[in-house]
Structure formats: structure tokens, C-alpha cells
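Participant: Take this structure first; my questions come after.
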Amino acid sequence: LMRGLFRSPSQTRRRIQTDQNHKCSVSVKWILCLIAFTIVCLDALFIKYVTSSTSDPLNQPYRSGPLRLSMKSTQYEPHHQYLSNTTRGNQFNEDPERSKPPKSTTKYNYFESNDVLQFDHAVLENIHATYDGARSQIEWTVPPTPREKSAFYAEPHWATVDRRPIIVRKQLLDDREAKNAAHFGKLLGCAITSTTFVSNLQLLDQSVLRQEYRDLNIPANCEVCFQFSNRKDMNRFVPREGIPDTSAATKCFRGEATAVARFAKWQSEVTQENNNGESFPGYGYPWTVDCMLQNGIKELTCREITRMQREMDEIDGLLSIFHVTTFSLDAKLSSSSPKKTFIVQTRWPWSALMSHDDDRYKIAKMISTHWNDPRSWFVPKKTDEVKLSHVEGPGYDLSHFDRQPSLESMALEPSSRGGIHSRLFVNLFHLIRNAPGSTRIIAVVDGQMQRSYQYLLTILNERISVLYPWYWRALRSNQNDPASTQLIPMSEMNLNTTTSLLSASAVDITLMDLMRLRKMKIILLPVPTPSFIIEKTVDAGKYSFGPYIAARYAADYHVMMLVDGDTTLIEKNQTLQSVFYDRFFSEKSSRCAGHIIQVLEQYAEPSDNIEGPLLECTHDVSSNPQKWDYIMKNCRVQEGHIVARTDSIYSLSANHQDTLPEYTPIGVEDCVTTGQDWERSHLLDNEVVELHLRDRKKKKECACFVNPPLS
């Protein structure tokens, strides 16, 4: 009061002004807080509305865009509720879509990726986890003889979360009979596929083998286990469910297991006489086990198991998560010896099988109900929307050591290309022409992935005038729209065209720039290939590669095909996407799960085994009507590779498209296996064919630059 009495008038005015400014500042702060509170409330109401939807994905598929392939590991937001007592499906109230965007957690940054060349770091982390922690063992039900014991051993090969849409559809359809425990896909039990190598296939009882890949008479089991630091946490984890092991504070959850052995019977029976002089005595076989956990438990979804695995270092209590498969085989070393059963058990750490996106609820929301479902992402609406991938591999550079097949040493062979096929850039030339916007997945053995990556990167940064000195202008002849995704017809390769004034003005660029303009990319996929796989399996375990590549990538594309590195795809007058859209999704669709591509064989002389002559050979075949007609009749291999729609793929097994006919979308049929109309199951020569540029001659007329005999 005394200070107020003795203030000057100017001091009094400044104090009043300060008080007014303070009151104004406080009012503004309260208004901003009120606005923020209103936004939070509205956002919460919106999230509640979205997460309360219970639409059946088999009736109302998700209308969002495609699944995006992320080469980085998925990092979920912190979530420590895995010990909650509310675990059943009818109490599910968490939206799996609220996960944060992926963050890179990879330790292997020396394989850089861009918009054209991408390296699958997630698979590389699987490989290291497999070598570090996966183990297989054999247990005999009766004591074996020393010879029997030494004849068999087992090793883990590869494993992955199963992202095949047809497996998701199978779980959803089967779940309808179980009163929707999966909650329309939100609580879909995790599915895993894994492969274990077992030696000496010919010393096993052959009566259990079948030509078909399913219905094997082989007992199999699978489970996913969670190991805790104490029994209290173990008991609280999914109460009243699972199989507890109190001595190890571990709880396991049994799944539905199926053993798969595609081509095992063929391999055991093949002889040199019926297989071009090649047989496989003493070879083993990669046995695949598919596993599906029960629906209705949040903690048993792939999404949630992967989340717990990634957050394990941040919380106390959970020590490890692992997947276990077991299957039984009978040893029979001779026709007179008795059968003896042994059990193959493989244990995989969960980090050995996590994929680039383990949220299978996304796939369930996009699943197709029938062959032309307009609401499903897996059914593109037009040609430009078709996402196509063509898979090659596993590729490797092979040599011999101690009279046994062996991977070539990259330390001793500095000129080796690793797992990159010598004909890749011939194939890329034509794919740039006829498959713009597509993806090439190149699988290479992990023992040569460094060299493969470096070689591929070097070539992609080379100018196309150096790579394709004869025909590079054909790829740049469309000067009006250099980024066009339209077909570059084979006629552009005509020498008269490439020397025209229009083509002479074409701009020379690198192969990577050209692929960027054509919206194409390459994914380099390392695959685990220890020495026993190379030495004792057919084609580096390729029999199990078909289901693995489908389980890993099928959800990211509309159409997939498995091709050899020395085959080139030659079209008639359409892009590959246009051909496949017409065959699979248009009104004139043949409604097949897959189609066989016809193969035409041409032998290339060693002197012609470079890009220029090989490209001239493909041009000569397609532009010479007389030669075309001759090789169609005399140089054709009936069983070519398979192209399939991804919502119906079970396995891309070389020359066989495997599906599950009872679970394909309504209207889709297995035309190949059922042996229906030939023109329905095969792609015709006026659509697309494979030109196999062989390094071994069969018929002298079936060779590059050899004119057919006069009729």
C-alpha cells in the first residue's frame, strides 16, 4: 500500500498495462488449451468409430492401396500388455493399425538401397539368426545301428512368417465354422512355414512319398513357445491356454502342422536314363512344415509375437520366443532291413523368421472373395494397376572341391559374378521393353551375396550404349515421352530403325536411369545356403524355394512368376501386364489360378554368348515368320514356367503351379493340375513365350542364326 501511494503516475500506468497484458496472455493460453482438448476428443471418437467396425473381410475387403514392401525391419510402438489377463477375442479392443511407421533397426547398412536396387535386409537378419540360434536334431524311437545313425543328419534351412493370401483365406473360411474366433482377421492365429534338410532321401521308406505335394502320410507337429524368467509371469501369460513347462518357465502353444514334400518322389526315382544323364544318389531333401496357430488369442497373432520379440530388451520377464517343428520319417537302408522311425525336430528363434511386415490382418482386410472381386486389392481394375514380379534363383557360381559340388570361392575368383546369371542383362533388355513397372526378384546364395550386389550395382551404373552397343537406341526411341510405360515393340530393334534420324538423337543414360524411367526395380534376396545344401540338394534347395518365395512376397503383388536366368520373355504385341490382366482379371479371363508359359529352345554358340549376339538371336527368332513357325513346331518344350495370381498361390514350384483348390476365390480353378483344355491352361504364342537360350545343343536346327530346313 505504501509503495502504491508513493508511485509516480508513469509507474502506475506501466503497471496497469502489464496487468492487462498478463490477463490477455492467460486468456490466449486457455483458448489454445480448449482447442487442443477439442481436437483430442474428436480424434478419440474417430478412432473408436474405426476400431468398432466388424466387417467380414471375406465379404467387404479393404479398399486401401497395396502392401508396400519395406526393406527395413518393422519397429512397433512400445506395448507392455502381453501379460494381461484379458486375452480372448471377444475382449479385443486394440487397433493393430496404430503401430508407428517402420524405423530402420538393421545392423547391415553396407547393402544400400534406392528406388531401383533394393536389398532385403529383413531376410539377411533372418539368415544370421538362423546360423546363430536355429538347431535340428534326430531322435530314434528304437536304438539305431551305427550305419543307420551315421546315414542321417538334419539341418535347419529357412523359415518365414507365412504371408500367402490363400493361407489367410483358408484360416478365415475355416474360422467361420468356429464362430469367428479370428474376429474377422484381427485375431488370426500366426502362420509359419519352415524347411529342414534331412540327408539321404533314397534311404528312407518311399511308400510315404506322393507325386502330389499334399496329403503326405507323415506325422508332423508344430508349436510356438515363450520362455520367461519366472513361473509367475508364465502362468499369467494367456491363462488356461497352452502347455506349460514349469521346470523351464516356458509355455508352448500347439498349432496345426502339415508336412510338404514336392518332387521328393520324383527325386528318389529319377535315373540318368530318364533325366538327361543326371541323377541324385546320396542327396538329401528339404522338408517343409506349414504351421497355423489357433485363432482368437491376441498374443498368438504374428503381429503381436513379433512386437514382443522386438521389445524383449525393453522389459523384464520374457527371455525368448521360438518356433519348434517335428516330423517323423522311416529309415530303410535296404529292402531286407526293417523300418526304423526317427523324429526330426528343429527349433527356430523367432528372429529367424520375421518378415518385412508381420501384420496379417492387413492381408485379411484385402482378401478377395471371388475371381473378379471389385472390392479387393488383389484384383486390379485395369492393366496399369497390375503389380508384377518375376523371380529368378537361387543363383550361385558353382565349382568342385574334392570331387564334390562346391560354391566358388569369391576370394580366389575375383572375376566371378557371384549369383548373378550371365544372361540377366539380356532378360532385362526385354523386360524394360515389355514389362515396365514390374519388379525383378533375384535370389542369390548368402555365401556370394556381397559379390552379387557389387556386380549388379556396377552394371546398373553402366551406360546402356556400353551394355547394349547394338540396340541401346531401341530403348530410347520414344523421345516424346521418355518416361512412358507403354510397350516398346520388338520392331524397334530393327537395324534400319536404330540408325534412323529419330533414334540417332536418343540420349545415352545409365541402365539404372533407364529402369527408373520405366518404373522398374530389382530386389536382391539373399538365401541361406550352407555347404550341405549346395553339395547334397538339387539346385541349392530349389524344391523348397517355391513355397518360401510365395510365403514371403505373394501379398505384395497381383501376379508372380518363377523363371530361369537363361530364359527371355518374348511378347507378341502387348506388355506382360496386359497379357496377365486379360488372362486373370478381365471379362475374358480364363479364371485359372495359374498358367504354363510355352518354352522355345535356341542353342547359343560360345562365341555368341555376349549381349549383342544374344539380343540379335531373340530379334531374329521373333521377326522371322518362317523360323518362328518352325521352332514352334520343333523346338518347343511343353512344360514351361508358371505365372500365377497371388491370391491363389500356394507354391511357385518351377514348372508346377501349386494351389489349394478348396480355398481359391470363388470362380478360380486349378486348370493346370486338372488337365483341362490346353489353350485354357497354357499361354499361347500370340500372347507371350519363353525363349530358352541354352548352352547345350539338342537339335542342330534349334540354334541361333540357323535357318530352318526347307520344307
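The values are calculated or read from the model by the stated rules, or taken from the named source; none is laboratory data. Keep in mind that this is a model prediction, so the values were computed, not measured. In this analysis, Cβ positions are derived from the backbone assuming ideal geometry, glycine residues included, and neighbour counts consider all displayed protein chains. Just the protein is used for accessible areas: all its heavy atoms, side chains included, with ligands, DNA and RNA removed. Shrake-Rupley method; radii C 1.70, N 1.55, O 1.52, S 1.80 Å.
Participant: Would you point out which residue out of Ser351, Ser337, Ser355 is modelled with pLDDT under 95, at negative phi and hydroxyl-bearing (Ser, Thr, Tyr)?
Facilitator: Within the list Ser351, Ser337, Ser355, the selection yields Ser337.
Participant: Here is a list: Pro625, Pro613. Which entry is open to solvent by 10 Å² or more (accessible area, probe 1.4 Å) and without any contact (Cβ under 8 Å) to a residue 24 or more places away in the chain? Don't jump to the end; show me each part of the working.
Facilitator: Working: Pro613 fails: without any contact (Cβ under 8 Å) to a residue 24 or more places away in the chain.
Testing whether each residue is open to solvent by 10 Å² or more (accessible area, probe 1.4 Å) and without any contact (Cβ under 8 Å) to a residue 24 or more places away in the chain leaves just Pro625.
Participant: Just checking, does the stretch 303-310 include any residue being in contact with a strand residue (DSSP E or B) (Cβ under 6 Å, 6 or more places away or on another chain) and either part of a loop (DSSP other than H, G, I, E, B) or farther than 20 Å from Asp358 by Cβ (or both)?
Facilitator: no
Participant: Please indicate, with yes or no, whether at least one residue in the stretch 571-593 is at pLDDT 90 or above, surrounded by fewer than 21 Cβ atoms within 10 Å (Cβ to Cβ), under 30 Å from Trp377 (Cα atoms) and β-branched (Val, Ile, Thr).
Facilitator: No, the stretch 571-593 contains no residue that is at pLDDT 90 or above, surrounded by fewer than 21 Cβ atoms within 10 Å (Cβ to Cβ), under 30 Å from Trp377 (Cα atoms) and β-branched (Val, Ile, Thr).
Participant: Any residue that is crowded, with 23+ Cβ neighbours inside 10 Å, at pLDDT 95 or above and among the basic types (Lys, Arg) - is there at least one of those in the stretch 378-388?
Facilitator: Within the stretch 378-388 (the criterion being crowded, with 23+ Cβ neighbours inside 10 Å, at pLDDT 95 or above and among the basic types (Lys, Arg)), the answer is no, since none of the residues qualifies.
Participant: While we're looking at this one, here's another question. Any idea how many residues of the stretch 236-253 are within 16 Å of Thr325 (Cα to Cα) and exposed (fewer than 15 other Cβ atoms within 10 Å of the Cβ)?
Facilitator: Of the residues in the stretch 236-253, 1 are within 16 Å of Thr325 (Cα to Cα) and exposed (fewer than 15 other Cβ atoms within 10 Å of the Cβ).
Participant: Another one. Among (1) surrounded by fewer than 18 Cβ atoms within 10 Å (Cβ to Cβ); (2) within 20 Å of Val116 (Cα to Cα), which single condition is Asp556 missing?
Facilitator: Just one mismatch for Asp556, condition (1).
Participant: Exactly one condition in (1) touching a Cys at 6+ places or on another chain (Cβ under 8 Å); (2) among the hydroxyl-bearing types (Ser, Thr, Tyr); (3) in a loop (DSSP other than H, G, I, E, B) is not met by Ser194; state its number.
Facilitator: (3)
Participant: It is to be established whether one or more residues within the stretch 684-707 are closer than 28 Å to Val289 by Cβ, open to solvent by less than 40 Å² (accessible area, probe 1.4 Å), at pLDDT 80 or above and outside any strand (DSSP E or B).
Facilitator: Looking for residues that are closer than 28 Å to Val289 by Cβ, open to solvent by less than 40 Å² (accessible area, probe 1.4 Å), at pLDDT 80 or above and outside any strand (DSSP E or B), one finds none in the stretch 684-707, hence no.
Participant: Could you list, in sequence order, the residues of the stretch 321-353 that are in a loop (DSSP other than H, G, I, E, B) and open to solvent by 20 Å² or more (accessible area, probe 1.4 Å)?
Facilitator: The initial filter retains those residues of the stretch 321-353 that are in a loop (DSSP other than H, G, I, E, B), namely 332-339, 353.
The answer is Lys332, Leu333, Ser334, Ser335, Ser336, Ser337, Pro338, Lys339.
Participant: Tell me which residues, restricted to the stretch 523-535, are within 26 Å of Tyr153 (Cβ to Cβ) and surrounded by fewer than 22 Cβ atoms within 10 Å (Cβ to Cβ).
Facilitator: Across the stretch 523-535, the qualifying residues are Pro530, Ser531, Phe532, Ile534, Glu535.
Participant: Further, regarding this structure: Just checking, does the stretch 237-255 include any residue being outside any strand (DSSP E or B), over 26 Å from Glu299 (Cβ atoms) and at pLDDT below 95?
Facilitator: No - not one qualifying residue is present in the stretch 237-255.
Participant: Only residues that are open to solvent by 40 Å² or more (accessible area, probe 1.4 Å) and within 18 Å of Ser590 (Cβ to Cβ): list them for the stretch 657-674, please.
Facilitator: Pro661, Ile666, Glu669, Thr673, Thr674, listed by residue number.
Participant: Checking Asp357 against (1) open to solvent by 10 Å² or more (accessible area, probe 1.4 Å); (2) in contact with a strand residue (DSSP E or B) (Cβ under 8 Å, 6 or more places away or on another chain); (3) acidic (Asp, Glu): exactly one of these is not met. Which one?
Facilitator: (2)
Condition check ((1) of a type in the set (A, V, I, L, M); (2) within 25 Å of the chain's Cα centre (by Cα)) across all residues:
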residue: Thr325; (1), (2): no, yes
residue: Leu329; (1), (2): yes, no
residue: Thr346; (1), (2): no, yes
residue: Pro349; (1), (2): no, yes
residue: His356; (1), (2): no, yes
residue: Tyr361; (1), (2): no, yes
residue: Met366; (1), (2): yes, yes
residue: Asn372; (1), (2): no, yes
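Participant: Condition check: surrounded by fewer than 24 Cβ atoms within 10 Å (Cβ to Cβ) and either on the phi > 0 side of the Ramachandran plot or under 21 Å from the mean Cα position of the chain (by Cα) (or both). Does Asp564 satisfy that?
Facilitator: Details: surrounded by fewer than 24 Cβ atoms within 10 Å (Cβ to Cβ): yes; either on the phi > 0 side of the Ramachandran plot or under 21 Å from the mean Cα position of the chain (by Cα) (or both): yes.
In short, yes.
Participant: Every residue in the stretch 455-473 that is over 30 Å from the mean Cα position of the chain (by Cα) and assigned to a loop (DSSP other than H, G, I, E, B), please.
Facilitator: Within the stretch 455-473, Tyr468, Pro469, Trp470, Tyr471 meet the criteria.
Participant: Which of the residues that make up the stretch 486-511 are surrounded by fewer than 17 Cβ atoms within 10 Å (Cβ to Cβ), at pLDDT below 80 and not aliphatic (A, V, I, L, M)?
Facilitator: Of everything in the stretch 486-511, those that are surrounded by fewer than 17 Cβ atoms within 10 Å (Cβ to Cβ), at pLDDT below 80 and not aliphatic (A, V, I, L, M) turn out to be Asn494, Asn496, Thr497, Thr499, Ser500, Ser505.
Participant: Count, please, the residues in the stretch 137-175 that happen to be touching a residue at least 12 places away in the same chain (Cβ under 8 Å) and either open to solvent by less than 50 Å² (accessible area, probe 1.4 Å) or in a helix (DSSP H, G or I) (or both).
Facilitator: So the count comes out to 26.
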